[in-house]
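The values are calculated or read from the model by the stated rules, or taken from the named source; none is laboratory data. Just so it is clear, the model here is predicted, and its values are computed rather than measured. Cβ placement follows ideal geometry from the backbone for every residue including glycine, while neighbour counts extend to all protein chains displayed. For the accessible areas, the whole protein counts, side chains as well, though only heavy atoms, and no ligand, DNA or RNA atoms are used. Shrake-Rupley method; radii C 1.70, N 1.55, O 1.52, S 1.80 Å.
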Amino acid sequence: MARDYYGTLGVAKDATPEQIKRAYRKLARELHPDVNQEANAQERFREVTTAYEVLSDPKKRQVVDLGGDPLSQGGGDGGMGGGDPFAGFGGLGDIMDAFFGGSGGGGGGGRGPRSRVQPGSDALLRLELTLEECASGVNRDITVDTAVLCDSCDGGGSRAGSAPSTCDTCGGRGEVQSVQRSFLGQVMTSRPCPVCRGFGEVITDPCQQCSGDGRVRERRTITVKIPAGVGDGMRVRLAGEGEVGPGGGPAGDLFVEVEELPHERFIRDGADLHCNVEVPMTAAALGTVLSLDTLDGTEELTVEPGTQPGTEHVLTGRGLPKLRSNGRVSGHGDLHVHLDVQVPTRLDDEQIELLRRLATLRGEEQPEPTVTANGNGQRQGLFSRFKSFGHR
């Protein structure tokens with residue numbers, strides 16, 4: 001009897017491809033083993049995945065609509081067999097394994113049980129650093145909460161003195177086989193054993209500390225070395241410091257991502273730094289020497305007489321280290337100093353008189369404020385017209 005693929009996905013027989021896709025995504029999110037820990041969730045996940053693979057293929061769906069089962073023809077790829085039900089559907093070899101146990105014919109061989117030992121996942125931790133710490137590099141103690149190897153069973157999952165036993169349901173093969181009848185004849189299919197979940201063995205006396213998983217969660221402190229020149233978003237990799245895998249599998253890596261805090265004086269542009277320095281109008285006109293605090297200490301900055309607003313001074317090599325992809329430093333960036341000439345906004349009578357005398361000595365004309373009429377017939381001074389363009 002053909003399987004009810006429409007019923008598995010909960011859609012009508014006239015459902016559109018988009019409706020079928022939405023129904024599958026909804027069920028897949030609910031039933032995925034990483035989310036749903038119920039006993040039958042894994043089997044249900046395989047069923048809805050198979051149903052979607054069939055109904056999303058127009059040719060296979062046509063067979064279903066005619067009352068047949070495309071997975072009983074030996075040419076479909078239902079994804080039900082093999083050791084890893086979530087590894088996708090890899091072509092004719094996977095199809096033959098699903099239907100005939102891997103031999104391509106009468107049910108011998110098979111893929112065999114899958115290993116209980118699996119590699120662990122990577123872990124990610126974010127670390128806030130100041131600009132000074134990014135420039136010089138720093139050693140920082142960080143606290144991580146990851147899965148580590150169970151020291152009671154050494155990752156085996158069984159209580160001390162005991163060992164896993166061969167699964168009675170599948171006989172240690174990790175899969176069970178069944179024969180289905182269709183209008184084309186009999187077809188033998190195989191699927192992971194629901195008792196041992198494809199491992200071929202069952203932990204009858206699990207470790208009390210890890211409950212048979214071979215790993216436990218633990219909070220620990222490790223030291224991470226941040227190289228000089230790192231920037232916001234860069235990651236430092238600590239090999240083998242991530243999550244230990246199921247069954248005591250090899251640990252993944254720990255990635256420490258840098259979050260660079262804003263600086264009160266400097267703006268970073270790669271390895272270069274930029275800052276604004278306010279210079280009084282008189283100092284810009286007469287020239288002066290300023291003391292400038294950099295990341296490497298205090299530097300003297302010479303302001304030439306007659307310096308104009310927006311003048312830029314470049315201090316070569318006073319930026320951040322240039323960090324290469326191989327972790328080595330190759331040179332330093334520059335420090336760009338932008339001079340902001342400050343024009344006084346409030347003057348007393350004596351200061352006004354001094355500036356007028358200076359203007360007279362320099363031969364600069366001092367026009368009287370002119371008065372014009374605006375569009376409303378009102379009269380406005382020159383200062384008002386300047387103010388309308390944003391001048392103060």
Inset, instruction - Write out, first by first residue and then by second, each pair whose Cβ atoms fall under 7 Å of each other, whose residues are 6+ apart or on separate chains, and whose first residue, in region 267-293, is under 30 Å from Leu358 (Cα atoms) while the second is loosely packed, with under 14 Cβ neighbours inside 10 Å and aliphatic (A, V, I, L, M). - result: Met281/Val343
Inset, instruction - Answer yes if at least one residue in region 2-10 is at pLDDT below 85 and either surrounded by 15 or more Cβ atoms within 10 Å (Cβ to Cβ) or part of a loop (DSSP other than H, G, I, E, B) (or both), and no otherwise. - result: yes
Legend entry - Only one of Thr221, Thr166 that is in contact with a Ser or Thr (Cβ under 6 Å, 6 or more places away or on another chain) and in contact (Cβ under 8 Å) with a residue 24 or more places away in the chain: Thr221
Inset, instruction - Given the conditions (1) farther than 15 Å from Thr189 by Cβ; (2) open to solvent by 30 Å² or more (accessible area, probe 1.4 Å); (3) at pLDDT 50 or above, report the number of the one that Leu55 does not fulfil. - result: (2)
Inset, instruction - Evaluate the following for Glu53: is it free of Cβ contacts under 8 Å to residues at least 40 places away in the same chain, part of a loop (DSSP other than H, G, I, E, B), under 36 Å from the mean Cα position of the chain (by Cα) and under 26 Å from Cys196 (Cβ atoms)? - result: no
Legend entry - Lone qualifier among Thr311, Thr302, Thr294 - being farther than 30 Å from Glu133 by Cβ, modelled with pLDDT of 85 or more and open to solvent by less than 50 Å² (accessible area, probe 1.4 Å): Thr311
Inset, instruction - Return the pairs, sorted by first residue and then second, in which the second residue is at pLDDT 90 or above and open to solvent by 40 Å² or more (accessible area, probe 1.4 Å), the first residue lies in region 12-24 and is within 15 Å of Thr49 (Cβ to Cβ), the beta carbons are less than 9 Å apart, and the residues are 6+ apart or on different chains. - result: Ala23/Gly10
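Of all the residues that make up region 259-283, how many are part of a strand (DSSP E or B) and not aliphatic (A, V, I, L, M)? Break it down into steps so the answer makes sense when it comes.
Taking region 259-283 as the starting set, the residues that turn out to be part of a strand (DSSP E or B) are 259-260, 267-269, 272-280.
Of the ones still in play, those that are also not aliphatic (A, V, I, L, M) are 259-260, 268-269, 272, 274-276, 278, 280.
Residues that pass the stated criteria total 10.
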Legend entry - Filter result for Pro262 (in contact with a Leu (Cβ under 9 Å, 6 or more places away or on another chain) and surrounded by 13 or more Cβ atoms within 10 Å (Cβ to Cβ)): no
Legend entry - Test: residue in region 284-291 that is open to solvent by 40 Å² or more (accessible area, probe 1.4 Å), among the β-branched types (Val, Ile, Thr), under 44 Å from the mean Cα position of the chain (by Cα) and farther than 30 Å from Ile226 by Cα: no
Legend entry - Checklist (1) surrounded by fewer than 17 Cβ atoms within 10 Å (Cβ to Cβ); (2) in contact (Cβ under 8 Å) with a residue 60 or more places away in the chain; (3) not in a helix (DSSP H, G or I) applied to Ala147, failing item: (1)
Legend entry - Candidate set from region 309-359 (those that are assigned to a loop (DSSP other than H, G, I, E, B) and acidic (Asp, Glu)); member that is farthest from Val236 (Cα to Cα): Asp348
Inset, instruction - Scan region 232-251 and report the pairs whose first residue is β-branched (Val, Ile, Thr) and whose second residue is not in a loop (DSSP other than H, G, I, E, B), with Cβ atoms within less than 7 Å and a gap of 6+ or a chain change. - result: Val236/Val224; Val236/Ile226; Val236/Val256; Val244/Ala147; Val244/Val148; Val244/Leu149; Val244/Arg215
